[in-house]
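The values are calculated or read from the model by the stated rules, or taken from the named source; none is laboratory data. What you are looking at is a predicted structure, and each value in this text was computed from that prediction instead of being measured. Please note: Cβ atoms are built from the backbone with ideal geometry, for glycine as well, and neighbour counts cover all protein chains shown. We work out accessible area using only protein heavy atoms, side chains counted, and drop any ligands, DNA or RNA first. Shrake-Rupley method; radii C 1.70, N 1.55, O 1.52, S 1.80 Å.
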Amino acid sequence: MEPERIFKKAESGRPLNREELKTLLTLEKEDDVSRLLEEAYRVKLAAVGKKVYFRGIIEFSNICEKNCLYCGIRRDNGSVERYELPEEAVLAAAEFASSRNYGSVVIQAGERSDEGFVSTVEKLLKKIKKASSGKLGITLSLGEQSEEAYRRWFEAGAHRYLLRIETSSRELYKRLHPKDHSFDGRRKCLELLKSCGYQVGTGVMIRLPFQTYDDLAGDLLFFREADVAMIGMGPYLPSGNTPFGKLTEKDFPISEDPCSLAIKMIAVARVFLRDVNIASTTALQALNPKGREMGLKAGANIIMPNITETRFRPSYQLYDNKPSVDENAVECVKRLEEAIAAVGEEIGYGEWGDSPHFGKKK
Ligand code: 5AD
Ligand code: SF4
């Protein structure tokens, strides 16, 4: 089908199929790609508006029990200096977010499931909630956990949870992870999170080794089927000290530049899913200093500025050359505000910025 007919179909409320999604993802000609971005921007304005919401990221700890083959803080990477932020540093970052009128913060860390970790997070949540008189929204990005942990954290004040599926292809998932990591386990966690009452976000990495356009179309279908409120996707970026860091170009079936592909993926997600929140992620900025603004122009509406104290940032490197490791939060926000104004958008200060999709479900 022609792109214009696909846009019309999406506009009429009928879900796109795998072939149609693939047609959009593989558009190559400059005019066709511009048209896709234009359509995605139009849908964004109609479905979620022109406001960008900030989620301040707090990189709480880089200690991880898992060993994903692509990730720089995987358990077996002995060259990483491990840390867990002291309570004061987390509370200070949350206070910074409140004082700057951010709607919410994201607490992100490597995966740990011991009781010590679960209760530390629980205590932090209660303290952040109390300090901000319940105003600051709190999102968690702490991986796969037991139902009990998810419930305790929800009761302590977290209301959103990000858990990327990484890829919706079971076969590809297997190639990205060691044998003891389970695709079904991850899917089950997404269900558990929803049943606990969280607003759930998921996402994938784009242009992974062994990944095809067909896989990416499948990812978009998965987002719809999983009925999530938020999407966070970014390009895969190599990390030298990992098994995947040793792969070469021949291991990537997609030859397209990862930044352009990630931008297209955001645009197609917007055209297909309409009213969800979509993040313009740091990984995009790693490939292009203007990557995050390009994401906004392609339909994203969420930006996640890093508000972790600068001295801890060099140790939280999921991939090489992560941007803003030495830029403090104030500088970072100033630059972002300018960039957002430059693309003609405004920041939704002081609002949680739930996706209209989540509102409808409730
Ligand atoms: N490149 C890009 N993203 C990565 N992540 C982990 N390692 C990499 C990498 N090498 C992403 C995963 C994870 C999120 C926290 O970071 O998608 O869910
Ligand atoms: Fe741990 Fe997440 Fe990295 Fe996997 S991707 S090794 S779970 S931090």
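Some values worked out for this structure:
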read-out: Test for G13: is it open to solvent by less than 30 Å² (accessible area, probe 1.4 Å), modelled with pLDDT under 95 and over 24 Å from Q145 (Cα atoms); value: no
read-out: Residue list for region 98-141, restricted to those being away from ligand 2 (no atom under 15 Å from the Cβ) and within 19 Å of the chain's Cα centre (by Cα); value: Y102, G103, S104, V105, G137, I138, T139
read-out: Close pairs from region 84-99: first within 17 Å of K126 (Cβ to Cβ), partner assigned to a helix (DSSP H, G or I) and open to solvent by less than 40 Å² (accessible area, probe 1.4 Å), Cβ under 7 Å, at least 6 apart; value: L85/F312; E87/L124; V90/L124; L91/I128; A94/I128
read-out: Some residue of region 302-316 being out of contact with any Ser or Thr (no Cβ under 6 Å at 6 or more places or on another chain), surrounded by 22 or more Cβ atoms within 10 Å (Cβ to Cβ), within 18 Å of V43 (Cα to Cα) and of a type outside the set (S, T, Y); value: yes
read-out: Which listed residue is among the small types (G, A, S) and within 30 Å of L287 (Cβ to Cβ), from G134, G110; value: G110
read-out: Count - residues of region 342-362 that are open to solvent by less than 70 Å² (accessible area, probe 1.4 Å) and of a type in the set (A, V, I, L, M, F, W, C); value: 3
read-out: Those residues of region 16-33 which are over 19 Å from E256 (Cβ atoms) and open to solvent by 40 Å² or more (accessible area, probe 1.4 Å), in sequence order; value: N17
read-out: Residues satisfying the stated conditions in region 40-54, i.e. of a type outside the set (G, A, S) and either without any contact (Cβ under 8 Å) to a residue 12 or more places away in the chain or open to solvent by 10 Å² or more (accessible area, probe 1.4 Å) (or both); value: Y41, R42, L45, V48, K50, K51, Y53
read-out: Filtered residues of region 74-118 (kept if surrounded by fewer than 20 Cβ atoms within 10 Å (Cβ to Cβ) and either on the phi > 0 side of the Ramachandran plot or part of a strand (DSSP E or B) (or both)); value: E84, N101
read-out: Positions within region 317-338 being hydrophobic (A, V, I, L, M, F, W, C), open to solvent by less than 50 Å² (accessible area, probe 1.4 Å) and out of contact with any Lys or Arg (no Cβ under 7 Å at 6 or more places or on another chain), in sequence order; value: A329, C332, L336
read-out: Residue in region 65-87 that is away from ligand 1 (no atom under 16 Å from the Cβ) and either over 28 Å from A156 (Cβ atoms) or of a type in the set (G, A, S) (or both) present; value: yes
read-out: Region 186-212 - residue that is open to solvent by less than 10 Å² (accessible area, probe 1.4 Å) and polar (S, T, N, Q) and, of those, nearest to Q285 (Cα to Cα); value: T202
read-out: Filtered residue count, region 156-180, keeping only those that are more than 20 Å from A226 (Cα to Cα) and either touching a residue at least 12 places away in the same chain (Cβ under 8 Å) or in contact with a Gly (Cβ under 7 Å, 6 or more places away or on another chain) (or both); value: 7
read-out: Residues being at positive phi and among the charged types (D, E, K, R) - total across region 157-193; value: 1
read-out: Which numbered condition R5 misses (of (1) surrounded by fewer than 18 Cβ atoms within 10 Å (Cβ to Cβ); (2) within 16 Å of ligand 1 (Cβ to nearest atom)); value: (2)
read-out: Cross-chain or 6+ apart pairs with Cβ under 6 Å, region 218-240 first and closer than 19 Å to D320 by Cβ and open to solvent by 10 Å² or more (accessible area, probe 1.4 Å), then within 16 Å of ligand 2 (Cβ to nearest atom) and assigned to a helix (DSSP H, G or I); value: L237/A283; L237/A286; P238/G245
read-out: Count of residues meeting criterion [in contact with a Ser or Thr (Cβ under 8 Å, 6 or more places away or on another chain) and closer than 30 Å to Q211 by Cα] in region 74-89; value: 3
read-out: Options L261, L287, L247, L273; residue that is open to solvent by 10 Å² or more (accessible area, probe 1.4 Å), modelled with pLDDT of 95 or more, within 30 Å of S355 (Cα to Cα) and among the aliphatic types (A, V, I, L, M); value: L273
read-out: Conditions (1) more than 22 Å from E20 (Cα to Cα); (2) in contact with a strand residue (DSSP E or B) (Cβ under 9 Å, 6 or more places away or on another chain); (3) open to solvent by 10 Å² or more (accessible area, probe 1.4 Å): number failed by D215; value: (1)
